[in-house]
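What follows is one structure encoded as structure tokens, with my remarks underneath.
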Amino acid sequence: MAEDVGIPCEDECAISSFPNLPESVHPGVLSGQAMMDLLQHAKENGYAIPAVNCVSNSGINACLEAARANDAPIIIQFSSGGSQFYGGKGLDNTNYRAAIAGAVSGAFHVRTMAEQYGVPVILHTDHCSKKLLPWVDGLIAASERYYETHGEPLFSSHMIDLSEEPLEENLQICKDYLERMDKIGLLLEMELGITGGEEDGVDNTDRPIEDLYSKPEEIYETYQMLSEVSDKFTVAAAFGNVHGVYKPGNVKLEPKILHKAQEYISEKLGDKAPENKLPVSFVFHGGSGSDVSDIQEAIGYGVIKMNIDTDTQWSFWEGIKNFEAKYHDYLQAQIGNPEGEDKPNKKYYDPRECLRAAEVNTVARLGKCFEDLKCQNILGLGKATEATNVLGPRRGGLPV
């Protein structure tokens, strides 16, 4: 990407691989075998990669900064609503045109900047119910066009969430999509069971409790059917996950469901089971408020990706909130503050200042996510060099 847009790639940006990762894994957006090698490395080495929902360039940059600060890979993902917002709420979304355009725009931003930050990124889209399939169709078509020129897809992977449909329909549609996606190196994430709570307009707060837990037989059927097409798939199985944030103890996770599924499938596979007895790559949805012990137990059972949204939504807002509280008296008018009634306040209300405060707070919060997922010091690059020449608006950035 750097060559395409004429941006020099220097230092870490210019390396072709990382000291501690498979040779195929490189700075920038991964797809195909490089992506699979990274996910397999996560499973074999007992860590999961944070997958952060983003709705703006600022959020994306915070993710990339956090990934480099933690010497780690990251997954950046867009929901349909987040994609529409990225495209602009003033743009008509008939036939999901705004959501498609927004996601494609975000993808090019990630591709441009991921290389510059020198970190490997998986570029993903989140929940896509049956009614939203035209949105993903548009994104796969964009990847197919990109592939014709660049030999790789624009995105890395897409989630299709048909957990509300009958199992047979869920599996058949996912298989059909995987057949199309595998041709250009895209990975499919699918969901079994229901993630409770509410997110991005999908409300599962009143679903029966049994829907929140997947059965080993269902997971095996999924593994069997999709494996006929490709190994490029992951499963978001339900083990009590709930979207949103709740008081500690209110989320009743049962990670051993994943363990039982891995045992069941390994037994079915017999001699064809992998040596680690973890044939399925699982995805963890709805983890906010979960005990770290439950999260890390789930990683031991084959979770290689954990979605992050609620916590980073709060961290972004909290950064702005704290900035306003700190500089409140400088943010009430364009002119006039405690230093004098004729003193200008431009450097305080410049949007770059509060947005940077949001980024800094989010980078810090993501550090906890990387720690909880045991996803630190993965790349082997060591501590990041402090950025220089980064003074902010007018006479220099404000301390945040």
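The values are calculated or read from the model by the stated rules, or taken from the named source; none is laboratory data. Just so we're clear, the structure is a prediction, and the values are computed from it rather than from any experiment. Note that we place each Cβ from the backbone using ideal geometry, even for glycine, and neighbour counts take in every protein chain shown. In case anyone asks, the SASA skips ligands and DNA or RNA and just uses the protein heavy atoms, side chains included. Shrake-Rupley method; radii C 1.70, N 1.55, O 1.52, S 1.80 Å.
Would you calculate the separation in nanometres between label points at HIS150 and GLU164, each defined as 7 Å from the Cα along the Cα-to-beta-carbon direction?
3.3
So, in nm, how far is label ASP350 from label SER56 when the simple model puts each one 7 Å beyond its Cα toward the Cβ?
Inter-label distance under the simple model: 1.7 nm.
Can you give me the long-range amide H partners of GLU189? Hydrogens built in the peptide plane at 1.01 Å from N, cutoff under 5 Å, separation of 5 or more residues or another chain.
Result for GLU189 returns HIS158, MET159, ILE160, THR234.
Rule-of-thumb check for region 105-185: C-alpha Rg over 2.2 N^0.38 Å?
Computed over Cα atoms of region 105-185, the ratio equals 1.19.
Just to confirm the filter: which trypsin sites (Lys or Arg not before Pro) across region 52-142 are DSSP coil and have at most 10 other Cβ within 10 angstrom of their Cβ?
For trypsin sites (Lys or Arg not before Pro) across region 52-142 that sit outside H, G, I, E and B with at most 10 neighbouring Cβ atoms in 10 Å, the list reads LYS89.
ILE335 to SER105: FRET efficiency via 1/(1 + (r/R0)^6), r the Cβ-Cβ distance, R0 35 Å, to the nearest 0.05?
0.45
Would you mind classifying region 247-400 by shape? Square roots of the alpha carbon gyration tensor eigenvalues, ordered a ≥ b ≥ c; an a/c under 1.5 is rounded, otherwise it is prolate if a/b is larger than b/c and oblate if not.
prolate
Over the chain, with a Gaussian network built from C-alpha contacts below 10 Å, which listed residue (VAL292, VAL235, VAL390) shows the highest mean-square fluctuation?
VAL390
Kindly provide the GluC sites (Glu not before Pro) of region 251-284 that DSSP labels as loop, not H, G, I, E or B, and whose Cβ sees at most 16 other Cβ atoms within 10 Å.
Passing sites in region 251-284 are GLU275.
Please compute, for the alpha-carbon atoms of region 43-199, the extent along each of the three principal axes and give them in descending order in Å.
Per principal axis, max minus min of the Cα coordinates gives 43, 43, 38 Å.
Just ASP291, ASP342, ASP350 to compare: in a GNM of the chain, with alpha carbon springs under 10 Å, which one fluctuates most?
Comparing ASP291, ASP342, ASP350 in a Gaussian network model of the chain, the most mobile one is ASP342.
Considering only protein heavy atoms, what is the solvent-accessible area of THR112 at a probe of 1.4 Å, reported in Å² to the nearest 10?
Here the residue's solvent-accessible area equals roughly 30 Å².
When the helix-only estimate is applied to the chain (DSSP H runs of n ≥ 4, each -39,500 (n - 2.57), divided by the residue count), what is the mean residue ellipticity at 222 nm, nearest 500 deg cm²/dmol?
Value at 222 nm, helices only, nearest 500: -13500 deg cm²/dmol.
Taking amide H positions as placed 1.01 Å from N in the peptide plane, with prolines and chain starts having none, which residues 5 or more places from ILE308, or on another chain, fall under 5 Å of its amide H?
Distant-sequence amide H within range of ILE308: ALA51, VAL52, ASN53.
Using Cα springs under 10 Å in a Gaussian network model of the chain, which residue among VAL283, VAL229, VAL52 shows the largest mean-square fluctuation?
VAL229
Given LYS256/LYS321; LYS321/LYS346; LYS130/LYS272, which pairs have Cα atoms separated by over 29 Å?
The pairs that break the limit, which is 29 Å between Cα atoms, are LYS256/LYS321; LYS130/LYS272.
Dipole magnitude of the chain about its Cα centre, charges +1 at Lys/Arg Cβ and -1 at Asp/Glu Cβ only, in debye to the nearest 20?
In debye, rounded to 20, the chain gives about 960.
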